Amino acid sequence: MELEQSLRQSILSTLAYFDLSQFPLTKEELFVFLWEPPTVNYADFLELLQTDSFVNGNFETKNGYYFLPGRQELVEIRRRRLIISEKKLKIARRALRIIRSVPFLKAVFVCNTVASEQASIDSDIDFFIVTAKNRIWITRLFVTFLLGLFRLRRVKNRVKDKICLSFYVTEEALDLSKFRVIDDDVHFAFWINQMLPAYDPDNFYAKFLEANSWTKKYLPNINSSSASSYIFRITNSKLGKIWKSAWEKMWEGSYGSLINEEAKKIQISKMKFSGNKIDRGDDKGVVISDSVLKFHEKDTRIEYRELWKNKIGV
């Protein structure tokens, strides 16, 4: 009985979180995304899920999807958003082919609504970018320039179908735990575990998930290997590899550090000129450093968490 109560609460917590983004779950997704569940295997989970007394009006199902009571319309919403997200992934592929040869670019993960199949017509396409140590400013300068040149970068009011370059980390700064707004930062935990490794020749996605294993406390059923084999991955061409390697060789050591510092000065000056505040203190939405660049001016995680807590009555 205690197991059933605990599992039911976990299911409701999970469905309530995804209800905020109007996203119903399949039974497989529901099990994988269970928030702080009791220890239960998949077979026992399915058995309980099919028991009327266990469900008892706490949640409903339609066409293989599970959702909170009275939210049947979410099934059609998800179908439409899947089609939209697939179209935006094609744009992401084009962008990746343009930037994949940028020096010191280690990996690019698609994140946010497109990665989680929740994109709307007007959504942008978010990239999470991993760079080499001490070369984050060089990489950002090239990526920003190239995507701007091809009119693919999000700027001001040009949002729909554009690439949002709001999060960069270096290879030694993959652990994002210190950027939580609270220990059980529910939105951040799901966000980390719903990325798509789009360009990742050295399998940084596995390293990223290992570095953020703190999320396993809340999402123990997530299988980190599932997304690592995702067919979306873009690889580099032979010529691109040669080009990339040549520039990285040229800019290694102290000379490369000098170039990185100059790239930093250029970009910081531009940020100041645009009126952006550089020193944000303890603001975890915007971080500007030599290992992490995070530009989330409107960080809604606290608000999201409160809405979620209200839904589950906590």
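The values are calculated or read from the model by the stated rules, or taken from the named source; none is laboratory data. Values in this document were obtained by computation on a predicted structure and should not be read as measured data. Here Cβ is always computed from backbone atoms with ideal geometry, including for glycine, and neighbour counts include all displayed protein chains.
Which numbered condition trips up F142, out of (1) crowded, with 22+ Cβ neighbours inside 10 Å; (2) aromatic (F, W, Y); (3) over 30 Å from P37 (Cβ atoms)?
In the conditions (1) crowded, with 22+ Cβ neighbours inside 10 Å; (2) aromatic (F, W, Y); (3) over 30 Å from P37 (Cβ atoms), F142 misses (1) alone.
Filter region 16-33 down to residues that are of a type in the set (A, V, I, L, M) and not in a helix (DSSP H, G or I) and give me whichever is surrounded by the fewest Cβ atoms within 10 Å (Cβ to Cβ).
For region 16-33, the residue satisfying everything is L20.
For a quick check of your reading of the model, give me the residue pairs whose first member lies in region 161-189 and is under 19 Å from A119 (Cα atoms) and charged (D, E, K, R), whose second is at pLDDT below 95 and not in a loop (DSSP other than H, G, I, E, B), with beta-carbon atoms closer than 8 Å and at least 6 apart or on different chains.
Once the first residue is under 19 Å from A119 (Cα atoms) and charged (D, E, K, R) and sits in region 161-189, its partners that are at pLDDT below 95 and not in a loop (DSSP other than H, G, I, E, B) give K162/V155.
Within region 61-68, is even one residue basic (K, R), at pLDDT below 95 and surrounded by 14 or more Cβ atoms within 10 Å (Cβ to Cβ)?
Yes: region 61-68 contains one or more residues that are basic (K, R), at pLDDT below 95 and surrounded by 14 or more Cβ atoms within 10 Å (Cβ to Cβ).
Looking at I163, I129, I192, I138, which one is in contact with a Pro (Cβ under 7 Å, 6 or more places away or on another chain) and either of a type outside the set (D, E) or modelled with pLDDT under 95 (or both)?
Just one listed residue meets the conditions, I138.
Considering (1) of a type in the set (D, E); (2) at pLDDT below 95; (3) not in a helix (DSSP H, G or I), say which one E36 fails and leave the rest.
(2)
Among the residues of region 257-307, count how many are of a type outside the set (D, E, K, R), within 30 Å of I11 (Cα to Cα), under 19 Å from the mean Cα position of the chain (by Cα) and at pLDDT 85 or above.
2
Tell me the helices (runs of 4 or more DSSP H) entirely within region 58-171 that contain at least 3 residues that are under 27 Å from K311 (Cβ atoms) and more than 17 Å from the chain's Cα centre (by Cα).
Because the criterion is at least 3 residues that are under 27 Å from K311 (Cβ atoms) and more than 17 Å from the chain's Cα centre (by Cα), the helices (runs of 4 or more DSSP H) in region 58-171 that meet it are 74-99.
Which one of the conditions (1) of a type in the set (V, I, T); (2) surrounded by 11 or more Cβ atoms within 10 Å (Cβ to Cβ); (3) closer than 26 Å to A189 by Cα does T39 fail to meet, given that it meets all the rest?
Unmet for T39, out of (1) of a type in the set (V, I, T); (2) surrounded by 11 or more Cβ atoms within 10 Å (Cβ to Cβ); (3) closer than 26 Å to A189 by Cα: (2).
Which residue, of S53, S10, is modelled with pLDDT under 95 and small (G, A, S)?
Testing whether each residue is modelled with pLDDT under 95 and small (G, A, S) leaves just S53.
Pairs needed: first member in region 86-115, over 28 Å from L239 (Cβ atoms) and assigned by TED's automatic domain parsing to the domain that holds S257; second member anywhere, of a type in the set (G, A, S) and in a loop (DSSP other than H, G, I, E, B); C-beta distance under 7 Å; at least 6 residues apart or different chains.
Qualifying pairs under 7 Å: T113/A119; T113/S123; V114/S123.
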